Each structure stands twice: as structure tokens, then as C-alpha cells.
Amino acid sequence: MNTDFFEHSHHTPISSVKYTTTSQKHISFQIKRDDLIDKFVSGNKWRKLKYNFKQLEHSNYQGIASFGGAFSNHIAALSAAGKKAQVPTIGFIRSHEIDLTNPTLAFAENNGMKLINLTREQYKKRNDPEFIDELQQQFPDYLFVPEGGSNKAAQYGLKELAEEIHQQCSVTTIACAIGSGGTISGLIEAMPSKKFIGIPVVNDKPLLDSLQQKYSEQLTLYPNFMFGGYGKTPIQLTDFCYDFYQQTHVPIEPIYTGKLFYALTELEPNLGIDFGQELLVLHTGGLQGLKGLSYRHPAQFRQWQPIIASLDV
Ligand SMILES: *Cc1c(COP(=O)(O)O)cnc(C)c1O
């Protein structure tokens, strides 16, 4: 085991860009570029996995097991980190079979991850302690990390991100996309004096209610930018992502960061904050997801091929 990969200081830059909307409005964004940490162990996944791997060094576990959908950024990141750190990994995948023509799963397998498919019914139990116990008994040498990597160890990595942000800028407000909510929760707790704008991409009402209640002082949620649900990619959204990249040269994808920037562009006139001065937008990475999207929707993503090729994900 060798977790040096997570030792490199990753003070990612903040890019200031301008985006012109179709109605000719100019919007400034300051973007914390965690997408630049690594192509695959990218963004919040690097932040969340770092102390899971570190913890492994001081434990009796030999490997890490986790859960994800068939195109999961977390699964891609875990497999890549496992390869770099020489730590065996297992991915429990929500799928009726392991389709190795799927680029994310092929990548994970290539990194040495053992892939095990779970039926929809089994997958629903991914957070049930009894189900985890059963799996733990089958794989006693593996540390089980929840879907998305959001656990206690993840919070340490997010605390480091918060410290980095404090050193780099003095914004009042931070915006980020919300999946499992682990990233935004970690940041909110580490930055009690900042306000947060959360853009949920998964329609999980209990999660959003609990976040809203727990962090009512600091967090405002805007749940109207899901575009029909997790992973949905209507043309209006993918065109926005494409145009945003053409103008700013900051690559985004429609599952997380695309919805975040789209929402902010729409909300900007009404939020009453100066985006150029007061707002930092967290780019949580996840660009490998573009490959899965172009696999699922080849015609819609044809024009993305050169971008995907240049990102080399
Ligand atoms: C996983 C992921 C998220 C969601 O983060 P949570 O901590 O689960 O809320 C956001 N953006 C990208 C690019 C991701 O891959």
C-alpha cells in the first residue's frame, strides 16, 4: 500500500471566467478547479477518498469496497485511486449485469477493481447495516465505504478543501452541486461563517429536507434545476454545457456541474450577490462521466468527441 498519491499538495487554482448568456448578459464566475486534481480521482472524490485511504494504512483492512451506479464517478475514482495506491478495490454496481462495453466499468475493471452487480432490490439496501454486515462477512478484509464516498473520513478531506479556500479567497458564498450531500455538509461544517448555495441533482426529498433543516442558517437550496431527475440530459442542458465550455474553456458535464452552472446563470439576477466578488463555485470534477454519456447517447454527444478526446478521460 502506498498512499503518496494523496500526499501531493493539491492547491487547485481559482479560475475567473466570463460567460455571456443567450440574452447577452455577462456573468462572472470564480471557479475552484478541483476538476484539475486528477482526471479520474477528481474533484470531491479525491477529497473524500483521501482519508479513507490514509485510514486504511492504520487498520487491518487490505482493501476498499463501495457502491455505485454503472456510470459512477465515485466508482471510477475509487478504482483509479486503488490502482495508484496498490490497494485492492471492490465495486458493487447497480446493474443487472456487468457490461464491460460501458466505458466506466471497463475503466474500473482495467484498474483491477472487482466488479459485482447488485439487483435493484439488493442495491436499495446499500445503506442497511444488516446488508453491509452480510457483505462484510463475505469480504472481511475490505473497508466498506458508502456510495459517493460520503463518510466520516471524507469530512477530513473536505476540511482541507475548506482551509485551502480560506487561504485563497475571501468570498462570502460558495455554490456546489448536491448528490449524496456529503460534500456540501462537510464544507458547511468546516466554514461556519460562509453562506452556501446548493443545487441538488438527485430528487431525494428526505435528504434535501434534512439538509435544509440541519443547515438552515447557512444553506439555501434551489431544487428546480434537476432537469427531470438524476442523469437526465435534455438538449437545453447539454447545449448549455457545450456553450459554456466553448466560451470559458472550463469543461463541465451535464450530470453535476452543468446543472450547477445552468442554475447559477438563471439565478444570478435575483440572488443579490456580486458573483465576481462574493461567490466561489466549486467544480467537483466528474468529467469521466462524459464518456458514459456519449456511450449512452452517441448522437447527442457526437459534437463532444473532440472535447472528450482532449480531456483524455
Ligand atoms: C459525486 C459528485 C457530486 C456529488 O457530491 P456529494 O458529496 O455526493 O453531494 C458532485 N459533483 C460531481 C462531479 C460528482 O462526481
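Matching residues to (1) without any contact (Cβ under 8 Å) to a residue 24 or more places away in the chain; (2) more than 14 Å from the ligand (Cβ to nearest atom):
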{"site": "Lys124", "(1), (2)": "yes, yes"}
{"site": "Asp128", "(1), (2)": "yes, yes"}
{"site": "Ser170", "(1), (2)": "yes, yes"}
{"site": "Gly181", "(1), (2)": "no, no"}
{"site": "Lys194", "(1), (2)": "no, yes"}
{"site": "Val202", "(1), (2)": "no, no"}
{"site": "Leu211", "(1), (2)": "no, no"}
Original post:
Under the condition of being over 23 Å from Glu109 (Cβ atoms) and among the β-branched types (Val, Ile, Thr), which residue from region 1-36 is surrounded by the most Cβ atoms within 10 Å (Cβ to Cβ)?
Top reply: Ile31
**OP:** Residue by residue through region 61-76, note down the ones that are surrounded by fewer than 24 Cβ atoms within 10 Å (Cβ to Cβ) and either in a strand (DSSP E or B) or at pLDDT below 95 (or both).
**Re:** Gly63, Gly69
**OP:** Residue by residue through region 17-56, note down the ones that are in a helix (DSSP H, G or I) and within 12 Å of the ligand (Cβ to nearest atom).
**Re:** Asp34, Asp35, Gly43, Asn44, Lys45, Trp46, Arg47, Lys48, Leu49
Subject >> Top-ranked residue of region 288-312 - restricted to ones that are of a type in the set (A, V, I, L, M, F, W, C) and in a helix (DSSP H, G or I), ranked as nearest to the ligand (Cβ to nearest atom) >> reply: Leu290
Original post:
When region 265-287 is examined, which residues are found to be within 16 Å of Arg33 (Cβ to Cβ) and either in a helix (DSSP H, G or I) or within 12 Å of the ligand (Cβ to nearest atom) (or both)?
Top reply: Val281, Leu282, His283, Thr284, Gly285, Gly286, Leu287
Original post:
Residues Ser79, Ser150: which one is surrounded by 14 or more Cβ atoms within 10 Å (Cβ to Cβ), among the hydroxyl-bearing types (Ser, Thr, Tyr) and either at pLDDT below 95 or away from the ligand (no atom under 16 Å from the Cβ) (or both)?
Top reply: Ser150
**OP:** Give the residue, chosen from Leu161, Leu208, that is in contact with a Lys or Arg (Cβ under 6 Å, 6 or more places away or on another chain) and over 19 Å from Ser72 (Cβ atoms).
**Re:** Leu161
**OP:** Tell me, please, whether a residue that is in contact with a Lys or Arg (Cβ under 7 Å, 6 or more places away or on another chain) and hydrophobic (A, V, I, L, M, F, W, C) can be found in region 10-24.
**Re:** yes
Subject >> Residue satisfying condition, being in contact with a Phe, Trp or Tyr (Cβ under 6 Å, 6 or more places away or on another chain) and not polar (S, T, N, Q), within set Phe227, Phe240, Phe196 >> reply: Phe240
Original post:
Looking at region 255-262, is at least one residue in a loop (DSSP other than H, G, I, E, B) and under 19 Å from the mean Cα position of the chain (by Cα)?
Top reply: yes
Subject >> Condition met for Asn111 (in contact with a His (Cβ under 7 Å, 6 or more places away or on another chain), away from the ligand (no atom under 16 Å from the Cβ) and in contact (Cβ under 8 Å) with a residue 12 or more places away in the chain) >> reply: no
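The values are calculated or read from the model by the stated rules, or taken from the named source; none is laboratory data. What you are looking at is a predicted structure, and each value in this text was computed from that prediction instead of being measured. Backbone-built Cβ (ideal geometry, glycine too); neighbour counts: all protein chains shown.
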